[in-house]
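Notes to accompany the following structure.
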Amino acid sequence: MAMDWVPVSKEKFEAILTDELETLRPEVIRLYKQYTVQPFQPPCVREENSGIEHVFVLAKKQQRLLYYDDVEEDFGVAILDGDGVLRNWGNYGPLVRAVLVLDEDSPDG
């Protein structure tokens, strides 16, 4: 019998983030702090026929957002669609990888 998924609470997310931040090297912490934003939760659509979910966004560089996907339990980077919904994203795993991807130069803005 499959367990029903429950969205991560703000408190649980903050605990996960704290644990991840403790693993970062000083230079990665500096990068992260350059882009950090007050966490917010934009709507996202995981698959074409799935309902609206939300992810926690914790950093931003230009149009790219660094978020935590509580279904996959990974951090990733993506761009919101023109209507403010996250539809296409990639998960990278630990926070360090997502921070480094966020910091890369990109043509997307």
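The values are calculated or read from the model by the stated rules, or taken from the named source; none is laboratory data. Remember, predicted model here, so these are calculated numbers, not experimental data. Positions of Cβ are generated from backbone atoms using ideal geometry, with glycine treated the same way; all protein chains shown enter the neighbour counts.
Some notes on this structure:
- Among the residues of the range 28-76, those that are part of a helix (DSSP H, G or I) and of a type in the set (Ser, Thr, Tyr) comprise 32, 35.
- Test: residue in the range 15-31 that is at pLDDT 90 or above, under 11 Å from the mean Cα position of the chain (by Cα) and not charged (D, E, K, R): yes
- For the range 79-101, the tally of residues that are touching an Asp or Glu at 6+ places or on another chain (Cβ under 7 Å) and either in a strand (DSSP E or B) or among the aromatic types (Phe, Trp, Tyr) (or both) stands at 4.
- Identity of the residue in the range 36-53, exposed (fewer than 13 other Cβ atoms within 10 Å of the Cβ) and under 17 Å from residue 82 (Cα atoms), that ends up modelled with the highest pLDDT: 52
- Scanning the range 53-62 turns up at least one residue that is of a type outside the set (D, E, K, R) and farther than 20 Å from residue 94 by Cα.
- Qualifying positions in the range 33-60 - of a type outside the set (S, T, N, Q), over 12 Å from the mean Cα position of the chain (by Cα) and under 15 Å from residue 98 (Cβ atoms): 33, 35
- One residue stands out in the range 54-69 among those that are surrounded by 21 or more Cβ atoms within 10 Å (Cβ to Cβ) and touching a Ser or Thr at 6+ places or on another chain (Cβ under 8 Å): the one that is nearest to residue 104 (Cα to Cα), namely 59.
- Number of positions in the range 70-98 that are in contact with a strand residue (DSSP E or B) (Cβ under 7 Å, 6 or more places away or on another chain), under 14 Å from residue 20 (Cα atoms) and buried (at least 17 other Cβ atoms within 10 Å of the Cβ): 6
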